[in-house]
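So the structure is just underneath, and the comments pick up after that.
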């Protein structure tokens, strides 16, 4: 029995993770779950799974306590997460929330030599240089479908044999749209992802292809592979989740149906594989898999983000902050779709380069990025 | 430095293997090569690589001796192969010839706990039950592109996690041909394989899709996986060489450009991977990969062969003999393309079932199959 603690249990990934646990009751036990604002969902999780720990924002603690059984200790997720993780001592902690809030708990667990699964790109990017160091990688299982695919393709292989990591990109909803129409893209248009059902932020990041640049950064840190050896290829069907090309010209690909259930299930069962409850891919039904080179002109966010990422240091938390605010402002109809890369570029270049520093420094830089991005957006609106 | 002995160095696979050795002079050393009738090619191999041993049919020994340097000991490949292999003691012996002649040497090396690479389907099929036993598999590296792909996909994985092996089939030159035209197929038509340059026998086996059934049998023995868990899917481009579906719904695929150089290079370098000299696959250039279910009606050899293979015993050497004679007779224009599956079916069912027995028994059954098949063909011609 593996004891599992879910950070971000109330989001779309959390729901899939809970289904994996439910489908494998004999193997996985939920010993803790956290939410942020969505106390209703967390209450229903507590009622169903009765975990010993449930974390939520402070203001929702009383209503949680009123609605959960006495078996569940309700705690302030902003203040006490690391402390509770120490007490609960899970076999595996999955970070499924977004944002850099989780960085402290990730760092704490890795320092304690504890195994984590991570779907939180922001933490990997902003905290990459500080937290995701070579010596910690053995305890990290990626959950995003692309790095999970790479992780699986690397099983039984030597890192020295890797020639390239090839990250697949669906191309998002606008792959075939004419560039001239891009300024008129609405949030409703951008929220229609062709293959994946995901949260709003990541769906917009897929539409701008910022997401693919973020996954390249993520893979750079999670697999300790230089940026020159990581590429993206557009693969419209999202059946191949990523590939590893070896020095000898052989290429391994990992495929599954497009549901985050699969990488979540893998992260929980690793180093074993369980029997899935949601069925298998049928290649003959799939019919075809198509590939195209990246279009860097129509999707400028990709190159802008990678340019800064390669500089490292404070660029990494600034990128996270800038994209977060740009996407939020687009969703609030304050800026155009085509302003997103502009805001990212202006935000990061408005701050002089410096090294990343401590976790506190990273958090400060991130906050600075938020303010800078908001200022730039204010100027666009004026 | 790895000492390599090539059985069947003068065929199309042999030429690719020699190119791998030439491209990696610092890693691989040719210490022996055998041919059968093609003494001219073997002489040029001896002149270029100067191996300590060269094996050929008895009648060509004098001409070989006259044309090779005194450094190379020329031997009778039919009589002395096992003995020479003992003397030469190679790190790796690659069986690249076709036919069941090599079975004795394969058995000898596996009994001595020596590592072999095998592209010789006939030996694996006919000798599967006797030679390719579970305890020997650790010393066997497959070379056919399909089982090589599966071998690579299984690295770092547990056999218990395998749900299905999925063998890809190009569909051959007649995938889109109307069934009504099949009786009029000529050897010239059938020798035009869309993706691979191979020997004549295997090219015809690809056209009838007998080859795919043989690869399923091969995979059954080489990976100790039951027939129910092995399937074929048509994949026209031959870029994905095969796939492994795991119990958790994740699927690993192995790809490369369509050249036997890649699996040969892998077999020689395993457990390491070298840097290839012949370039990398470009997925965006490839454009698309297509998949279709097998067409068992148009290609009846597939089901006929698998039906008998599952019975095991003497069916296995009989299948090898029947297909060999059927293909040969088709190439000699004695029978029609559509007679090939008929000859296989009639040959095998003309002999009562018995267990496989010893190597001598297998060779006897094989010879019986040759005679039976020839008789059946004589009756067709009459």
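The values are calculated or read from the model by the stated rules, or taken from the named source; none is laboratory data. Remember, predicted model here, so these are calculated numbers, not experimental data. Here the Cβ is made from the backbone with ideal geometry for all residues, glycine too, and neighbour counts use every protein chain on show.
For the reader, a short list of remarks on this structure follows.
- For residue A:301, the conditions (1) outside the structural domain of residue A:180 (by TED's automatic domain parsing); (2) in contact (Cβ under 8 Å) with a residue 24 or more places away in the chain all hold with the exception of (1).
- One residue from A:374, A:332 being out of contact with any helix residue (DSSP H, G or I) (no Cβ under 8 Å at 6 or more places or on another chain) and in the same structural domain as residue A:182 (by TED's automatic domain parsing): A:332
- From the options A:13, A:29, residue that is in contact with a helix residue (DSSP H, G or I) (Cβ under 8 Å, 6 or more places away or on another chain), under 21 Å from residue A:264 (Cβ atoms), touching a residue at least 12 places away in the same chain (Cβ under 8 Å) and crowded, with 22+ Cβ neighbours inside 10 Å: A:13
- Across the range A:186-242, the number of residues qualifying as closer than 17 Å to residue A:336 by Cα and in contact with a strand residue (DSSP E or B) (Cβ under 9 Å, 6 or more places away or on another chain) comes to 2.
- Within the range B:200-209, the set of residues being farther than 16 Å from residue B:238 by Cα and buried (at least 16 other Cβ atoms within 10 Å of the Cβ) comprises B:201, B:204, B:208.
- Checklist (1) in contact with a helix residue (DSSP H, G or I) (Cβ under 6 Å, 6 or more places away or on another chain); (2) more than 8 Å from chain A (Cβ to nearest Cβ); (3) part of a loop (DSSP other than H, G, I, E, B); (4) under 29 Å from residue B:116 (Cβ atoms) applied to residue B:322, failing item: (3)
- Search result, residues across the range B:1-19 that are under 12 Å from residue B:29 (Cβ atoms) and assigned to a loop (DSSP other than H, G, I, E, B): B:1
- From the list B:171, B:117, B:156, B:199, the lone residue that is closer than 20 Å to residue B:260 by Cβ and within 14 Å of chain A (Cβ to nearest Cβ) is B:171.
- Failed condition for residue B:255, given (1) crowded, with 24+ Cβ neighbours inside 10 Å; (2) more than 9 Å from chain A (Cβ to nearest Cβ); (3) out of contact with any helix residue (DSSP H, G or I) (no Cβ under 7 Å at 6 or more places or on another chain): (2)
- Yes/no for residue B:217 being more than 21 Å from residue B:12 (Cα to Cα) and either within 14 Å of chain A (Cβ to nearest Cβ) or within 13 Å of the chain's Cα centre (by Cα) (or both): yes
- Meets criteria (modelled with pLDDT of 95 or more, surrounded by fewer than 20 Cβ atoms within 10 Å (Cβ to Cβ) and over 19 Å from residue B:173 (Cβ atoms)) for residue B:351: yes
- Some residue of the range A:180-189 being away from every other protein chain (no Cβ under 14 Å) and under 15 Å from the mean Cα position of the chain (by Cα): no
- Residue A:378 falls short on exactly one of the conditions (1) within 14 Å of chain B (Cβ to nearest Cβ); (2) outside any loop (DSSP other than H, G, I, E, B); (3) surrounded by fewer than 21 Cβ atoms within 10 Å (Cβ to Cβ), and that condition is (1).
- Scanning the range B:329-347 for residues that are within 21 Å of residue B:362 (Cα to Cα) and free of Cβ contacts under 8 Å to residues at least 40 places away in the same chain, we see that the one that is surrounded by the fewest Cβ atoms within 10 Å (Cβ to Cβ) is B:346.
- Top-ranked residue in the range B:271-311 [being in contact with a helix residue (DSSP H, G or I) (Cβ under 8 Å, 6 or more places away or on another chain) and over 28 Å from residue B:229 (Cβ atoms); ranked as surrounded by the most Cβ atoms within 10 Å (Cβ to Cβ)]: B:276
Per-residue answers, yes or no, for (1) within 10 Å of chain A (Cβ to nearest Cβ); (2) under 15 Å from the mean Cα position of the chain (by Cα); (3) modelled with pLDDT of 95 or more; (4) not in a loop (DSSP other than H, G, I, E, B):
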| site | (1), (2), (3), (4) |
| --- | --- |
| B:203 | no, yes, no, yes |
| B:207 | no, no, yes, yes |
| B:273 | yes, no, yes, no |
| B:281 | yes, no, yes, no |
| B:299 | no, no, yes, no |
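- Meeting the requirement of 3 or more residues that are surrounded by 15 or more Cβ atoms within 10 Å (Cβ to Cβ), the helices (runs of 4 or more DSSP H) wholly within the range B:125-197 are B:128-131, B:145-154.
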